[in-house]
Every structure is written in structure tokens, then in C-alpha cells.
Amino acid sequence: MSSIIDDTYDAYGTLDELAPFTDAIQTWDISAIDSIAPYLRPAYEGLLDVYSEMEQVLAKECKSDRLYFAKHEMKKLVSAYFKEAQWLDAGYIPKCEEHLENALVSSGCLMATTFSLVGMEEFIPKQTYEWLMNEPLIVRAFSMICRAMDDIIGHEVSITSQGQVTLLKNDERRRSKKRCHLSHCPSLFNKNNYF
């Protein structure tokens with residue numbers, strides 16, 4: 001689901017469409033569906049359905065309290081995607097620190113880490129989820145490595161059989177956004193700047 005939502009924010013949605021979509025996800029209520037663009041409704045319904053199914057499974061295992069943390073991280077992720085969309089729409093190039101702080105969330109690693117614990121069969125104390133919500137150093141480092149890898153891979157160059165240079169992976173809009181972020185982050189791998 002997060003991949004579909006990420007692509008929606010990166011390549012398909014306009015800011016006018018993404019604002020109510022983001023608000024709907026923040027409210028997490030099916031009645032908000034009427035406020036979003038028709039083509040975004042299946043994604044919104046799908047997101048709510050996935051979490052509803054999770055809730056049913058977790059309730060049977062007396063673990064439904066874990067769902068709060070999964071929803072919380074998904075909401076943070078969507079907010080980070082929206083912030084990037086706002087930057088892009090405004091032509092704003094954030095400072096390196098600003099980009100990296102948002103990238104910690106938009107990498108999806110915080111959400112994926114929390115989500116993986118939600119599905120575990122073992123007892124996971126509430127304190128573990130609260131620890132993750134505070135973005136500990138190890139999770140921040142993991143998130144930054146993943147985000148840097150994604151940004152770098154998005155710029156790999158390939159030579160086609162006709163000798164043309166092409167960029168792999170993302171659409172032009174997304175590549176431009178990342179190129180701007182990377183060009184303003186010369187010290188990307190200096191851990192003292194953001195850990």
C-alpha cells in the first residue's frame with residue numbers, strides 16, 4: 001500500500017488533490033472518502049481495508065493495541081510524502097537538514113519497522129513501540145541508508161543499444177526532486193549532521 005501511495009504523491013496527484021487525500025488519511029474515517037478525488041478513492045479504501053483486516057486478525061490474538069502504532073506511522077509517512085509534494089509544487093529546495101529530517105520518515109523504514117513488529121507472534125511490550133516512535137539512532141541510521149540508496153539508484157545511468165544515456169527508475173519529476181536534494185546535501189554521509 002505504501003508504494004502505491006508513494007507513487008501517487010510523487011508522480012500522479014496534484015497538490016489540490018493530495019491535500020484532501022492527506023487529510024482523509026489523517027482522520028482515518030471512511031466518511032472522508034467523498035472529499036477526495038474519485039481516482040484516489042480506491043487507494044484510500046484499500047488502505048482502510050488493509051488495516052481493518054489487520055485489526056480483525058490482531059483482535060483474535062488480543063493484540064489490537066498494536067494497530068495504533070501502525071496507523072500512527074502510516075499517518076507520519078503520508079505527511080512526509082505531502083511535505084515533499086508541497087516542496088515540489090512550490091519549487092522549494094529544502095536545506096539538507098530539512099530534507100534529511102523529512103527523508104527519515106518518507107523512506108518508509110520507520111513505518112516498515114513498526115509494521116513488522118505489529119505482525120510478530122511474540123509478545124512485544126508497548127515500550128518497544130514507544131521507543132520506535134522516538135526514532136532511535138539505529139532506526140534513523142537505517143532509514144538514512146535506505147533513503148540514500150533509493151536516491152542514488154534513481155540516478156544510475158544506463159547506455160541503451162542506440163548509445164543514448166537514460167536515467168533508470170523514476171519519472172522525470174521525481175528525478176528532478178532528488179537531484180535538487182542531493183545537490184544541496186554534499187555532506188550526506190556525515191553522521192554528525194543529522195544523528
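Summary table
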{"read-out": "Full-extension gain in nm, R41 to E122, via 0.36 nm per residue minus C-alpha separation", "value": "25.7 nm"}
{"read-out": "Inter-label distance for I152 and L15, nm, one decimal - labels placed 7 Å from Cα along Cα-to-Cβ", "value": "3.2"}
{"read-out": "³J(HN,Hα) computed for each position of segment 87-101 - Karplus, 6.51 cos²θ - 1.76 cosθ + 1.60, integer Hz, glycine/proline x", "value": "4, 5, 4, 7, x, 8, 9, x, 5, 3, 4, 5, 4, 5, 5"}
{"read-out": "Cα gyration tensor category, rounded, prolate or oblate, for segment 1-153 with a/c compared to 1.5", "value": "oblate"}
{"read-out": "Per-peptide average of other Cβ atoms within 10 Å, ordering 39-46, 20-27, 115-122 highest first", "value": "20-27, 39-46, 115-122"}
{"read-out": "Peptides ranked, highest mean first, by Cβ atoms within 10 Å: ranges 4-17, 55-68", "value": "4-17, 55-68"}
{"read-out": "Per residue, the convex hull volume that the Cα atoms of segment 94-141 enclose (Å³)", "value": "65"}
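Taken together, the values in this text are just the output of simple stated rules run on the coordinates, not laboratory data. Just so it is clear, the model here is predicted, and its values are computed rather than measured. Glycine gets a Cβ as well: all are built from the backbone with ideal geometry, and neighbour counts include every protein chain shown.
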